[in-house]
Amino acid sequence: MVVAENGRARATPTVSYKPRPGEIPTNPGVYRFRDADGRVLYVGKAKNLRARLSNYFAPLHTLHERTRRMVLSAASVEWTVVPTDVDSLQLEYQWIKEFDPPFNVRYRDDKSYPFMAVTLGDEAPRVLVTRNRKIRGAKYFGPYPKVWAVHETIDLMIKVFPIRTCSDASYKKAMQSGRPCFPGQIGRCGGPCSGRVTIEEHRAIVEDFVAFMAGGDQRFTKDLTARMRAAAVAMDYEAAAVYRDRLQAIDAVLNKSALVLAEDTDADLFGIAEDELAAAVQHFVIRGGRVRGVRASTIEKELDISGADLVDQVLQRTYGNAAGADIPRQVLVPALPEDAAELTEWLKERRGKNVSIQVAQRGGKADLMRTATLNAQQALMVHKTRRTSDYVARTRALTDLQEALGLAEAPLRIECFDVSHLSGTNVVASMVVFEDGLPRKDQYRSFSVAETTDDTDSIHQVLTRRLAYLDRPEPEAETGLAGEGVAPKRPRFAYRPQLLVVDGGRPQVQAAERALRDAGHEEIALCGIAKRLEEVWLPGEEYPVILPRTSEALYLLQRLRDEAHRFAITHQRKRRRRDIQSVLAEVPGLGDARIRALLRHFGSVAALRGATEEQIAELPGIGPKLATAIRTHLSGE
């Protein structure tokens, strides 16, 4: 058994601290893995401690690669029995917060978003824009994606609810001197410092402001409409105009936050996108049926956890320190965690009222979940791209990769290869090139591969063809019209890479190693990255290298692999479309729309040749007569 030490595989002993049979209780509880120095590596909870911990002490070769690394890094395990499953959830959250274990998921807010705050703790509360979440007695709304969005909302709201906007210094000076504050003089402040209302009257307006922002839309709309009509009946047209303007301001605010769910819906919705090492979370705050704010965060994962377990961790982190008033009646998630009942009870205790955790499956909630998930996918892509495009991060990535793979120099030119096929047909391969950690799209190449279902044979074919270009002689200088030497053009693929990366595990690496050996270019470094576990395989090694989840080198390899896969799929689709269109365009009565329908359904000409006339005729717009013409054309081709 091995783990990574400076990126290289080394032999390790078996687990010596495994508890004896019968020592672990079957009660609910929380467990901690510690290293030799006593540092807590991982904290977890279980309804049955014995059943859960026995999974970690299964034969080491059966464990997930990263779980095995954690178990082998630890020197002891301890547990604490608790009365109920809810108690284990609370204790797990407390210990994760206290010890910050490196193998538990780690959260990082994408940025500090601006909030609208109402300082209810002041004598005359004011509304302001802030990123400070620690103002004593303040009520917060948001967060908002842009600062200007908060200011715009405040500008509209103070037309309906004229409350204080001036600074504390201006308020104090105005109250002492008896002269209105400057914002009050120009109609931008409606506090007691403006001289228009008393402190008590202002407090009532503030409470209405807070109630409206918390979701009480309809009450204020109906009240203002009634007042406007009453003023019009009484022919007090000036007052009616004021109420009309306030209604328009309310409509403007509401139109900026479209009604997405029923008006009485108070919910938090979580959209999550993840890969093997990271996840992005989009938290939509819905009050009164409208999205009142969005919080974004990224999560770094060390151990392999399911989507449901990730939801569990996200909810604990979101509501662990939340006030009861900030916990909604409904929590919408993409997947229910195993301990959903315990989480529901925990949230109910914190809120003081009933709380439900549900999966958004249909209707407006499902539509909003798709929107949140799409935003999370984009955020995850941006998060990973930033890490590999930043100069400092790129430099660190190349240095880490050099150390992890034991290279003599940093791999300034890296070529990554991926093979794509459709059930053994239309086999293509891609080569993407990164120089200094950045993609060189002008040097990307695609390959057609002889029909085969063997990825290793495809890898060997492609690398053999690519490496052959390294041995071509340099072209001689050409002579121009004036007799001067013209610099020769370098042939394609003439630049030698420092590192070749293949998408796959040990078999793919062995095939690539064979191609390097056959071509006589064993001086070029080689590795493979396996998708499922994000393992890095080296030639001749029995076990993979496990790079830390925070490693810039791993993010660079991931991006190389993903870019090669994207480029291969793109080429395969173009080739398949061109193939079927060129053959079928000769069939009378078969236009572009019907050719596209055949392409979507059968995927390739080879698959279409194997279809019967009845199968072809089943497609909308084809019919028996056209199906016969297609079969006749393909059989005589």
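So which of Lys18/Lys97; Lys45/Lys134; Lys97/Lys139; Lys139/Lys353 end up more than 22 Å apart, counting from Cα to Cα?
Numbers: Lys18/Lys97 26 Å; Lys45/Lys134 31 Å; Lys97/Lys139 25 Å; Lys139/Lys353 20 Å.
The answer is Lys18/Lys97; Lys45/Lys134; Lys97/Lys139.
Taking H as built 1.01 Å from N, whose amide H comes closer than 5 Å to the amide H of Arg126, not counting residues under 5 places away?
Counting only residues 5 or more places away or on other chains, the set is Thr119.
Across the stretch 23-31, in residue order, what do the Karplus-derived ³J(HN,Hα) couplings come to in whole Hz, using 6.51 cos²θ - 1.76 cosθ + 1.60 with θ = phi - 60° and x for Gly and Pro?
Values, residue by residue: 6, 7, x, 9, 6, x, x, 10, 10 Hz.
Going by amide H atoms built from the backbone, whose H comes under 5 Å of the H on Gly29, apart from near neighbours?
Ala46, Leu49, Val82
Note down the magnitude of the dipole of the stretch 121-195 about its Cα centre, charges +1 on Lys and Arg C-beta and -1 on Asp and Glu C-beta and zero elsewhere, to the nearest 20 debye.
Result for the stretch 121-195 is approximately 220 debye, rounded to the nearest 20.
Which whole-Hz couplings ³J(HN,Hα) result when phi for each residue of the stretch 559-567 is put into the Karplus expression 6.51 cos²θ - 1.76 cosθ + 1.60, θ = phi - 60°, listed in order with x for Gly and Pro?
In residue order, the calculated couplings are 5, 4, 4, 5, 5, 5, 5, 4, 5 Hz.
Using a 7 Å offset from the Cα along the Cα-to-Cβ direction at both Ser54 and Ser167, what is the distance between the two label points in nm, to one decimal?
Placing both labels 7 Å along Cα→Cβ, they lie 6.8 nm apart.
Residue by residue through the stretch 83-97, which ³J(HN,Hα) values in whole Hz follow from phi under the Karplus form 6.51 cos²θ - 1.76 cosθ + 1.60 (θ = phi - 60°), with glycine and proline marked x?
So the Karplus estimates, Gly and Pro as x, are x, 9, 5, 5, 5, 5, 5, 5, 5, 4, 4, 4, 6, 4, 5 Hz.
Taking H as built 1.01 Å from N, whose amide H comes closer than 5 Å to the amide H of Val502, not counting residues under 5 places away?
Long-range HN contacts for Val502: Phe417, Cys527, Gly528, Ile529.
First measure r as the distance between the Cβ atoms of Arg413 and Asp264, then evaluate 1/(1 + (r/R0)^6) with R0 = 60 Å and state the FRET efficiency to the nearest 0.05.
Step by step, r from the Cβ atoms, then E = 0.50.
All of the numbers you see were taken from the coordinates with simple rules; none came from a lab. Please read all numbers here as calculations on a predicted model, not as lab measurements. Note that we place each Cβ from the backbone using ideal geometry, even for glycine, and neighbour counts take in every protein chain shown.
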